[in-house]
Structures are given as structure tokens and as C-alpha cells.
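Colleague: Supplied in C-alpha cells, the structure appears directly below.
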Amino acid sequence: MAENQENEAGEAAEAETPITFDDFTKVELRTAKVLEVEPHPKADRLWLLKIDGGDEQRQIVAGVRSHYTADELLGKTIVVVWNLQPATIRGVESKGMLLAVQDGEVVRLLGPDGKVSPGCRVG
């Protein structure tokens, strides 16, 4: 087996490793409303989103710029990993991660199927 095939097989096996319910409950998923959308100053594929998570507003960096316009994101309710450790992405701090699904070239954001308040727990 070639080295890259071994790496891919190892990554696939790692991704399929079951987690416990206790592991899952550590992830805080929340609804958040997108309040502002700005282009990332150092990356053509990234948006800077100011979001309302109910009890706090924060900024996240989202790699969906080639799939969504600013107008499509503004006001949208999304699902966010709220308790993710902050990360600096191309010089900008991101405090959370939006959830999306990719089907081939199509990317769709995850969100509630009706109106809900920002900050609702998902689970």
C-alpha cells in the first residue's frame, strides 16, 4: 500500500472511531443569528461573521465565501460549535465554528427548520 493510501486509511479509521455519549455532551451546539458579514482581509474564501449566540455576540471565521454571498448569510440562523477553543485564522480570531454539509460541490449550512431564538442548545 502506498504511503498516501496508508495515511488515508488511517484517517478514515480514526474518523470512524466511536465516541461515548459523555464525549458528545462536551460539545455545545447552539443556534446563532448572523448579524454582520465582512470579507476576511487576507483570504478570498473566508467571511468574518459577527453572530449572536443568545447571551453573547462574537466573531467567527467561516470558509463559505465561495458558496454564500454576504446577503444570503445576513440574518440567517445557523448552528455553531460554541465551546470550541478560539483559533486565529489568517490573523483573525475565530470563537466558534459554523456547521455545514458538503455534497460534491454543494455546501449547505445547518440550521433549524423554523424560527428559533439565538442561543438555543442543539442536542
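Colleague: Are there any pairs, at least 6 apart or on different chains, whose C-beta atoms fall under 6 Å, with the first in region 55-75 and free of Cβ contacts under 8 Å to residues at least 60 places away in the same chain and the second surrounded by 18 or more Cβ atoms within 10 Å (Cβ to Cβ) and among the basic types (Lys, Arg), and if so, which?
Modeller: ARG58/LYS95
Colleague: Right, another one. Right, ALA43: aliphatic (A, V, I, L, M) and modelled with pLDDT under 95 or not?
Modeller: yes
Colleague: Does ARG65 count as over 18 Å from GLU28 (Cα atoms), at pLDDT 95 or above and surrounded by 16 or more Cβ atoms within 10 Å (Cβ to Cβ)?
Modeller: yes
Colleague: Evaluate the following for ARG58: is it in contact with a Lys or Arg (Cβ under 6 Å, 6 or more places away or on another chain) and assigned to a loop (DSSP other than H, G, I, E, B)?
Modeller: Spelling it out, it is not the case that ARG58 is in contact with a Lys or Arg (Cβ under 6 Å, 6 or more places away or on another chain) and assigned to a loop (DSSP other than H, G, I, E, B).
Colleague: Would you list the strands (runs of 3 or more DSSP E) that sit entirely within region 84-123 and hold 2 or more residues that are surrounded by 13 or more Cβ atoms within 10 Å (Cβ to Cβ)?
Modeller: Result: 87-89, 92-94, 106-109.
Colleague: Filtering region 27-48 down to residues that are acidic (Asp, Glu) and not in a strand (DSSP E or B), which residue is farthest from GLY63 (Cα to Cα)?
Modeller: This residue is GLU28.
Colleague: Looking at THR25, THR17, which is the one that is in contact (Cβ under 8 Å) with a residue 24 or more places away in the chain and either over 16 Å from the mean Cα position of the chain (by Cα) or surrounded by 13 or more Cβ atoms within 10 Å (Cβ to Cβ) (or both)?
Modeller: Exactly one residue qualifies, and that residue is THR25.
The values are calculated or read from the model by the stated rules, or taken from the named source; none is laboratory data. All of these numbers come straight from a predicted model, not from anything done at the bench. With ideal geometry, Cβ positions are generated from the backbone for all residues, glycine too; neighbour counts draw on all protein chains shown.
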